[in-house]
Amino acid sequence: MASSSTLARAMKLRILSYNIHKCIGSLDRRYKPERIVETILHYAPDIVLMQEVDNEAKRSLRHKQVEVLAEMLDMPHFSWFPNVKVRGGGHHGNAILSKFPLLDCHNIDITTPPKKKRSIIYARHRIPIEIGGESHSKTLHLFNMHLGLSQIERKVQLKKFLDAHPFRGIHSDTPIIVGGDLNDVYGNLGGKLLSPAGFRTVKKLKATFPSYAPVRTLDGLYVRGKITLHKLDRSRLKLAKQASDHLPLIADLEI
């Protein structure tokens, strides 16, 4: 039995992964950020991985959406990087919003020309933990991705991720979360590429697209290292079926 001086108190986290479709509704095509916010607040996540987040685009009232959503969600720590230029000006890209400070935020380009630009937004966070009555911290690595539409493209992009810094330098025991819109139409990316690299997820990912009648498992979340994925499920809120063309995934974890 371990001595009391080595016992650690685990920290629980809730992560939400969400392609917000620029806050444009799945059925009415109306721009309503408040629907996205209400959906997210219902689940009270600690960290949100977002895809298709607009910045100064005409269709979204020239809003810098990551700033608007961060304020509405009371998540003071956030990072956004552009992916795709929008006709009429602006971009959309990926974002991470968090209740906790985010460190070393940067973008990893995984574009496979001549296809549309794609990238992964990376950040790390120091998780506070208690060991033997003393406060310590542990690093959590976050990778939020939006992969391409073709199967070959997705495979190349994930291989680029697995070969890229900082992933290659992370110890196998260190907690990592990979999530986002993987466009995993056939539901086999994890088994073919992520599982051999030490990642794991639930036995069967839930369909998230289209939100009003989901049939495709486009979105996913995987973990590696000393982190436990207790539950991963999609939203069943009526509002979520209207807010975006994807349903969010909600993950309960423990470090």
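If I filter the stretch 186-211 down to residues being touching a Lys or Arg at 6+ places or on another chain (Cβ under 6 Å) and either among the polar types (S, T, N, Q) or part of a loop (DSSP other than H, G, I, E, B) (or both), which single residue comes out as farthest from ALA243 (Cα to Cα)? Step by step, filter the stretch 186-211, then rank; the result is GLY198. Considering the conditions (1) open to solvent by 60 Å² or more (accessible area, probe 1.4 Å); (2) out of contact with any strand residue (DSSP E or B) (no Cβ under 8 Å at 6 or more places or on another chain), THR112 is excluded by exactly one of them, (1).
Within the stretch 49-61, if we keep just the residues that are in contact with a strand residue (DSSP E or B) (Cβ under 9 Å, 6 or more places away or on another chain) and open to solvent by 10 Å² or more (accessible area, probe 1.4 Å), the residue that is farthest from GLY148 (Cα to Cα) turns out to be LEU61. Evaluation of MET145 against the conditions (1) touching a Ser or Thr at 6+ places or on another chain (Cβ under 8 Å); (2) surrounded by fewer than 19 Cβ atoms within 10 Å (Cβ to Cβ); (3) closer than 24 Å to ARG168 by Cβ shows that the sole unmet condition is (2). Of all the residues in the stretch 74-97, those that are crowded, with 20+ Cβ neighbours inside 10 Å, in a strand (DSSP E or B) and out of contact with any Asp or Glu (no Cβ under 7 Å at 6 or more places or on another chain) number 10. When PHE100 is tested against the conditions (1) open to solvent by less than 70 Å² (accessible area, probe 1.4 Å); (2) in a strand (DSSP E or B), the lone failure is (2). Do we have LYS85 as without any contact (Cβ under 8 Å) to a residue 24 or more places away in the chain and basic (Lys, Arg) here? In short, yes.
Whether a residue is surrounded by fewer than 17 Cβ atoms within 10 Å (Cβ to Cβ), of a type outside the set (A, V, I, L, M) and either in a strand (DSSP E or B) or in contact with a helix residue (DSSP H, G or I) (Cβ under 7 Å, 6 or more places away or on another chain) (or both) was assessed, and ASP233 passes this test. Within the stretch 148-175, the set of residues being among the hydrophobic types (A, V, I, L, M, F, W, C) and either open to solvent by 10 Å² or more (accessible area, probe 1.4 Å) or over 22 Å from LEU16 (Cα atoms) (or both) comprises LEU149, ILE152, VAL156, LEU162, ALA164, PHE167, ILE170. Annotation note: Cβ proximity below 6 Å between a residue of the stretch 56-69 that is of a type in the set (Asp, Glu) and a residue that is open to solvent by 80 Å² or more (accessible area, probe 1.4 Å) (sequence gap 6+ or interchain) occurs for GLU56/ARG62. Each residue in the stretch 137-171 was checked for being in a strand (DSSP E or B), in contact (Cβ under 8 Å) with a residue 24 or more places away in the chain, farther than 21 Å from PRO248 by Cα and not basic (Lys, Arg), and 2 of them qualify. Among the residues of the stretch 198-225, the one identified as in contact with an Asp or Glu (Cβ under 7 Å, 6 or more places away or on another chain), in contact (Cβ under 8 Å) with a residue 60 or more places away in the chain and surrounded by fewer than 18 Cβ atoms within 10 Å (Cβ to Cβ) is PRO210.
Can we say GLY190 is within 16 Å of ARG224 (Cα to Cα), within 15 Å of the chain's Cα centre (by Cα) and open to solvent by less than 40 Å² (accessible area, probe 1.4 Å)? Steps first, answer last, please.
Values: within 16 Å of ARG224 (Cα to Cα): yes; within 15 Å of the chain's Cα centre (by Cα): no; open to solvent by less than 40 Å² (accessible area, probe 1.4 Å): yes.
It is false that GLY190 is within 16 Å of ARG224 (Cα to Cα), within 15 Å of the chain's Cα centre (by Cα) and open to solvent by less than 40 Å² (accessible area, probe 1.4 Å).
The values are calculated or read from the model by the stated rules, or taken from the named source; none is laboratory data. Small disclaimer: the values here were computed from a predicted structure and weren't measured. Note that each Cβ is placed from the backbone with ideal geometry, even for glycine, and that neighbours are counted across all protein chains shown. Heads up: the accessible areas ignore ligands, DNA and RNA and are worked out on the full protein's heavy atoms, side chains in. Shrake-Rupley method; radii C 1.70, N 1.55, O 1.52, S 1.80 Å.
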